[in-house]
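Enquirer: The following block contains the structure, expressed as C-alpha cells.
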Amino acid sequence: MAPRSGTDMPSPTIEDYLHAIYSLEGEGEVVISARLARRMRVTPPTAWATVQRMARDGLVTLDGKKVIHLTDKGRRLAEDIVRRHRLAERFLTDVLGLGWADCHEEAHLFEHALTPRLEERIVALLGNPTTCPHGSPIPGLGGRLPADLVPLAAVPPGEEATVEFISEELEEDADLLRYLERGRIMPGRRVVVREVVPASDLMVLESEGQPVPLGLKVAQKVRVRRSG
C-alpha cells in the first residue's frame, strides 16, 4: 500500500465517480454516462460534465461508443478509494459491531481517515479479509468476484442457493439494505426460491424458515451460488 500524496488526491465528488466506475466494471457492466448517472443518482448532463472533466484530468478515456474506461492513473486512484471504503465497512461491522445495513454510509466518512499505516493494521487485525461485508472484493487483497455466480433472479422455483454478493447499487439504498438484513438475504446465507411472479416483478424466497418477498429488479443485483 503506497503512501498517498495530498496533491494527488481527487475531490470527494471525483472519488465517488471513480468508485462507481470501478464497481460497475467489477460487476461486469459496460460503463456509459447514462448508467453512471443512475448509479450516482444525478442527471445525465451532470454525469456527462463530470466524466468530461475526469477525461481532461487523465482519469478516464472514452472510446468511439462513448464507453468510459479508467486510465492507469484513474484505476490506481479508484483501487485506493475502493480499498479504503471496503476495509472501513469490514472494520465497522466486525470490530465496532455496526449493523450490516448501516456500514456503507458510515464508511464514506470513515474511509477518509485511513492512512496506509492504519490500513495495514486493520488488515492484520481482521485476518486479511478479501471482501467487504456485502461480498465485494477488496482491491489489493486477492479477492475476486467468482465467475460462476448468477443473479438471484435467474434461480428457478424450488432451487436452493447461497448468497455471495450484494451490488453496490443496492448499498446506496439504506432502507433496502435494512430490509435485506431483516430477511437475512446476506452473503453466506442460504435461501430457497419458492415462487417467481414475473407479471408482478416479484419473487418469494424462504430464508431461515421465513418468507421474504423481493422485487426481481433487486434480485437481479444479488448474486448467488446455485446448489449443486
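Enquirer: Being surrounded by 19 or more Cβ atoms within 10 Å (Cβ to Cβ) and either of a type in the set (K, R) or closer than 14 Å to R223 by Cβ (or both) is the requirement here; does V123 meet it?
Expert: no
Enquirer: Further question on the same structure: Counting only residues that are out of contact with any Leu (no Cβ under 6 Å at 6 or more places or on another chain) and open to solvent by 40 Å² or more (accessible area, probe 1.4 Å), how many does the range 127-136 have?
Expert: Qualifying residue count for the region: 3.
Enquirer: Of these, V218, V163, V224, V196, which one is touching a strand residue (DSSP E or B) at 6+ places or on another chain (Cβ under 9 Å), among the hydrophobic types (A, V, I, L, M, F, W, C) and either free of Cβ contacts under 8 Å to residues at least 60 places away in the same chain or assigned to a loop (DSSP other than H, G, I, E, B) (or both)?
Expert: Answer to the check: V196.
Enquirer: Moving on. Scan V95, V30 and give me the residue that is exposed (fewer than 13 other Cβ atoms within 10 Å of the Cβ) and closer than 19 Å to K221 by Cα.
Expert: Selected residue: V30, the only one of V95, V30 that is exposed (fewer than 13 other Cβ atoms within 10 Å of the Cβ) and closer than 19 Å to K221 by Cα.
Enquirer: What are the residue pairs meeting all of these: first residue in the range 100-119, first residue open to solvent by less than 60 Å² (accessible area, probe 1.4 Å), second residue among the basic types (K, R) and modelled with pLDDT under 90, Cβ atoms under 8 Å, and 6 or more apart or on different chains?
Expert: Qualifying pairs under 8 Å: P116/R4.
Enquirer: A follow-up question, please. Looking only at residues that are out of contact with any Leu (no Cβ under 6 Å at 6 or more places or on another chain) and either part of a helix (DSSP H, G or I) or hydrophobic (A, V, I, L, M, F, W, C) (or both) in the range 95-104, which one is farthest from T115 (Cα to Cα)?
Expert: It comes out as W100.
Enquirer: Just name the residue that is surrounded by the most Cβ atoms within 10 Å (Cβ to Cβ) out of those in the range 137-153 that are touching a residue at least 24 places away in the same chain (Cβ under 8 Å) and part of a loop (DSSP other than H, G, I, E, B).
Expert: Filtering first and then ranking leaves I138.
The values are calculated or read from the model by the stated rules, or taken from the named source; none is laboratory data. Remember, predicted model here, so these are calculated numbers, not experimental data. Neighbour counts are summed over all protein chains in view; Cβ atoms, including those assigned to glycine, are modelled from backbone coordinates with ideal geometry. What goes into the accessible areas is simple: the full protein's heavy atoms, side chains included, and nothing from ligands, DNA or RNA. Shrake-Rupley method; radii C 1.70, N 1.55, O 1.52, S 1.80 Å.
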